[in-house]
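Readers should treat all values here as calculations from the given coordinates under stated rules, not as data from a laboratory. From a predicted model like this one, the values you see are computed outputs, not experimental measurements. Reconstructed Cβ throughout: ideal geometry from the backbone, glycine too, with neighbour counts over all protein chains shown.
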Amino acid sequence: MRHRKDHRKLSRTFQHRRALLRNLVTALFQYERIETTVAKAKEARRLAERMITFGKQNDVAARRVVARFVFKPEIQDKLFTTIAPWYETRHGGYTRILRIGRRLGDAGETCYLELVKSVEQKQAEEQARIAAEEAKALAAAGATATKKAKADKEEKEEVAAAAEAKPKRGRKKEGAGSAGGGATKPRRGPRKTGA
């Protein structure tokens with residue numbers, strides 16, 4: 001008989017299991033999609049949907065319940081201000097599990113646990129992603145152009161500095177050499193070896 005066996009223990013103690021599920025739910029609200037095993041996803045889904053329901057209530061008592069479970073204040077704010085309004089007209093079924101196969105190490109069955117989004121939300125996210133990529137490409141192109149301009153400027157400065165440092169041919173230095181001609185270099189004779 002299965003009396004009073006309403007959840008998976010995940011081979012962990014109560015404290016370890018609670019910490020694991022808190023971290024999974026917090027990560028789900030933060031990234032809106034996480035990869036984990038199917039058993040963990042099914043347990044995290046129960047709690048995530050409960051937290052979203054509290055988020056829809058949006059009163060002091062609901063905020064206190066969520067604050068006891070989701071420890072990051074910025075994720076709590078995201079739940080109440082961003083995620084909960086998505087599901088105002090929806091009664092449950094806020095998350096989805098997509099199975100992706102077994103992992104290589106231990107053949108554990110893995111899946112994506114993600115928040116369900118409407119078509120309009122997906123299109124808005126796609127447009128925002130494309131705009132961000134275009135802005136990044138423009139910034140990279142601008143940075144490349146400025147680097148090239150800077151390198152050209154430095155090269156011109158180096159050429160100018162080398163031209164100033166190089167003595168011009170044809171001029172004689174005053175006081176160098178004899179009166180009959182230019183300066184002569186002393187000749188080196190054969191090397192002397194020690195006897």
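Going down the table (K42/K122; K42/K72; K42/K136; K5/K42), which pairs top 26 Å between alpha carbons?
Pairs exceeding 26 Å: K42/K136.
Could you work out which residue, out of V119, V159, V66, moves most in a Gaussian network model of the chain, that is, has the largest mean-square fluctuation with Cα springs under 10 Å?
V159
Counting pairs of alpha carbon atoms under 8 Å apart in space and at least six apart in sequence, what relative contact order in percent does the stretch 14-116 give?
Answer for the stretch 14-116 is 36 percent.
Identify which of G105, G92, G55 has the largest mean-square fluctuation in a Gaussian network model of the chain, with springs joining Cα atoms closer than 10 Å.
G105
Using C-alpha positions alone, give me the convex hull volume of the chain per residue in cubic angstrom.
Expressed per residue, the convex hull around the Cα atoms of the chain is 406 Å³.
Where the only charges are on Cβ atoms (+1 Lys, Arg; -1 Asp, Glu), what is the dipole of the stretch 1-76 about its Cα centre, to the nearest 20 debye?
It works out to roughly 500 debye.
State, as an integer percentage, the relative contact order of the chain based on alpha-carbon contacts under 8 Å between residues 6 or more apart.
About 18 percent, as a whole number.
Relative contact order of the stretch 48-107: what whole-number percent is it, with Cα pairs under 8 angstrom and at least 6 residues apart?
40
Once every DSSP H run of n ≥ 4 in the chain is given -39500 (n - 2.57) and the sum is divided by its residues, what mean residue ellipticity at 222 nm do you get, rounded to the nearest 500 deg cm²/dmol?
Calculated at 222 nm, the ellipticity per residue is -18000 deg cm²/dmol.
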